[in-house]
1. Since VAL43 meets every condition but one in (1) surrounded by 16 or more Cβ atoms within 10 Å (Cβ to Cβ); (2) in contact (Cβ under 8 Å) with a residue 40 or more places away in the chain; (3) not acidic (Asp, Glu), which condition does it not meet?
2. Any residue that is farther than 28 Å from ILE182 by Cα, in the same structural domain as VAL201 (by TED's automatic domain parsing), surrounded by fewer than 19 Cβ atoms within 10 Å (Cβ to Cβ) and modelled with pLDDT of 95 or more - is there at least one of those in the range 73-94?
3. Filter the range 35-56 down to residues that are over 13 Å from the mean Cα position of the chain (by Cα) and among the acidic types (Asp, Glu) and give me whichever is modelled with the highest pLDDT.
4. Which of (1) within 12 Å of VAL205 (Cα to Cα); (2) out of contact with any Asp or Glu (no Cβ under 9 Å at 6 or more places or on another chain) does SER60 not meet, given it meets every other one?
5. Quick check on this structure: which one of SER141, SER159, SER122, SER114 is at pLDDT 95 or above and more than 18 Å from ILE193 (Cα to Cα)?
6. Quick one: count up the residues across the range 172-200 that are surrounded by fewer than 14 Cβ atoms within 10 Å (Cβ to Cβ), closer than 20 Å to GLU149 by Cα and among the polar types (S, T, N, Q).
7. Go through (1) surrounded by fewer than 14 Cβ atoms within 10 Å (Cβ to Cβ); (2) at pLDDT below 95; (3) within 23 Å of LYS3 (Cα to Cα) and name the single condition ASN104 misses.
8. Report every pair of residues separated by at least 6 positions or lying on different chains whose Cβ atoms are under 7 Å apart, first residue within the range 51-69 and within 14 Å of LEU115 (Cα to Cα) and assigned by TED's automatic domain parsing to the domain that holds SER95, second among the basic types (Lys, Arg) and in a helix (DSSP H, G or I).
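The values are calculated or read from the model by the stated rules, or taken from the named source; none is laboratory data. These figures come from a predicted structure and were not determined experimentally. When we count neighbours, we look across all protein chains shown, and the Cβ atoms used for this are built from the backbone with ideal geometry, even at glycine.
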Amino acid sequence: MAKRAIDFNSLSPDSRLFLGEGSSEVGLLNAIIAELAVERAQVFEVKGEKHLKTVLEVLSDQATARAALSCLGIVFDANANAKAKLDSIAATLNSCGFDFDQANLSAQGVYSGSLPIGVFISPGNGKAGRIETLILEEVASSSVQPCVEGFAKCVEHHSKRKVDEKGLVQVYLGSFNAAHGIAVAFERRILDIRHNAYADVREMVRQLAQ
């Protein structure tokens, strides 16, 4: 991602800016913002961890945008190691001139410095995984969860291939008779942002928006 392609100077005063790792995180954040009726919120897709430093450097360098911010929220996947991901994001924030002390975060990952900054690492609570891990917590309470599990077992039995979390989420979304990505599933309320699975990330956004 080239720096020249990023422009935050159009942010309105007292903007609440949220950075999502990919389109799925953007969909999650947009759903939370709509549910909580957060005003002056903007969500930006980072397009992968490797671009986070570039995005934050631009945000730091664009003085008008930096001055307009009232808070900054970041949602990324833990993948194999949640602590390592938080350490990496914290180091990137600090190297780009943002005051972020991960030793003094609230339970929901918010640091109340001169600019409040919140970081949520999916699926939360220091666990390994990704946004699909979080979604599968919602799926676990669905009446079709045994069907999703049965499909995965059938595939593994006949093909010796294990259906991963991304595949399980797509099986669940496919039960609604439409092929949807995660972002669209949140937008169309196929995935329920009010479900308790998303309570921690909702609370991070709420804390930043208050």
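1. Here VAL43 clears every test but (2).
2. Of the range 73-94, the ones farther than 28 Å from ILE182 by Cα are 91, 94.
Subsequent filtering for residues that are in the same structural domain as VAL201 (by TED's automatic domain parsing) retains 91, 94.
Now restrict to residues that are surrounded by fewer than 19 Cβ atoms within 10 Å (Cβ to Cβ): 91, 94.
Adding the requirement that they be modelled with pLDDT of 95 or more leaves 91, 94.
Yes, the conditions are met somewhere in the range 73-94.
3. GLU35
4. Result: SER60 fails condition (1) only.
5. Working: SER141 fails: more than 18 Å from ILE193 (Cα to Cα); SER122 fails: more than 18 Å from ILE193 (Cα to Cα); SER114 fails: at pLDDT 95 or above.
Sole residue among the options that is at pLDDT 95 or above and more than 18 Å from ILE193 (Cα to Cα): SER159.
6. Number satisfying all stated conditions: 1.
7. The number of the failed condition is (3).
8. LEU59/ARG66; SER60/ARG66
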